[in-house]
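Report on one structure; see the data block that follows.
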C-alpha cells in the first residue's frame, strides 16, 4: 500500500488501488512539455480513488519543490482528461465513464 496524504491534511488514499492517468506531453524540438502544466519541469497526474474521488497530483523537478495531492471535482477532472487526451477509461465504473463521455461531448465544438 502506498498511502498518499492530501496536501490540505483532509485525508489520504491508497494509490495502489486508484486508477492513475498520466499527463500528455508534446515535443517542442528540445524537451517534452507537459500539456497539463505547459512546463518541462512541472508535472501532473490524476487519480480516481476507490472511494470515488478525483485527486490531482502535482510535482516538479525544481529542487526544494513539494509534491501535492489535491481533491478536484468531476468537472475539473473531465477537463483534465480531455486536455491530456485520455480515452483509456476502461478501468473506471460505467457510471463514471458515461459522465466523462457526456463531458467530452459537451466540450466538443
Review point. Has region 91-98 got any residue that is under 13 Å from the mean Cα position of the chain (by Cα) and without any contact (Cβ under 8 Å) to a residue 40 or more places away in the chain?
Key: no
Exercise for review: Name the residue, out of 74, 85, that is touching a residue at least 60 places away in the same chain (Cβ under 8 Å) and either surrounded by 15 or more Cβ atoms within 10 Å (Cβ to Cβ) or closer than 18 Å to residue 34 by Cα (or both).
Suggested key: 85
Study note, to complete from the structure: When region 35-49 is checked residue by residue, the ones that are surrounded by 12 or more Cβ atoms within 10 Å (Cβ to Cβ) and either touching a helix residue (DSSP H, G or I) at 6+ places or on another chain (Cβ under 9 Å) or part of a loop (DSSP other than H, G, I, E, B) (or both) are 35, 36, 37, 39, 40, 41, 44, 46, 47, 48, 49
Revision key, fill the gap. Taking region 58-90 and keeping residues assigned to a loop (DSSP other than H, G, I, E, B) and either over 18 Å from residue 4 (Cβ atoms) or in contact with a helix residue (DSSP H, G or I) (Cβ under 7 Å, 6 or more places away or on another chain) (or both) leaves 61, 62, 63, 64, 73, 84, 85, 86, 87, 88, 89, 90
Review point. Out of 17, 32, which single residue is closer than 20 Å to residue 2 by Cα and either out of contact with any helix residue (DSSP H, G or I) (no Cβ under 7 Å at 6 or more places or on another chain) or surrounded by fewer than 15 Cβ atoms within 10 Å (Cβ to Cβ) (or both)?
Key: 17
Revision key, fill the gap. Condition set touching a strand residue (DSSP E or B) at 6+ places or on another chain (Cβ under 7 Å) and assigned to a loop (DSSP other than H, G, I, E, B), scope region 9-34, selection modelled with the lowest pLDDT: answer is 18
Check your understanding: If residue 102 passes every condition in (1) closer than 25 Å to residue 8 by Cβ; (2) out of contact with any helix residue (DSSP H, G or I) (no Cβ under 7 Å at 6 or more places or on another chain); (3) part of a helix (DSSP H, G or I) but one, which one does it miss?
Key -> (1)
Check your understanding: Regarding residue 26, is this residue farther than 15 Å from residue 70 by Cβ and touching a helix residue (DSSP H, G or I) at 6+ places or on another chain (Cβ under 6 Å)?
Key -> no
Review point. If you scan region 50-71, which residues turn out to be free of Cβ contacts under 8 Å to residues at least 40 places away in the same chain, in contact with a strand residue (DSSP E or B) (Cβ under 6 Å, 6 or more places away or on another chain), more than 13 Å from residue 15 (Cα to Cα) and surrounded by 12 or more Cβ atoms within 10 Å (Cβ to Cβ)?
Key: 58, 59, 60
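The values are calculated or read from the model by the stated rules, or taken from the named source; none is laboratory data. Computed from a predicted model, the values in this text were never measured in an experiment. Note that each Cβ is placed from the backbone with ideal geometry, even for glycine, and that neighbours are counted across all protein chains shown.
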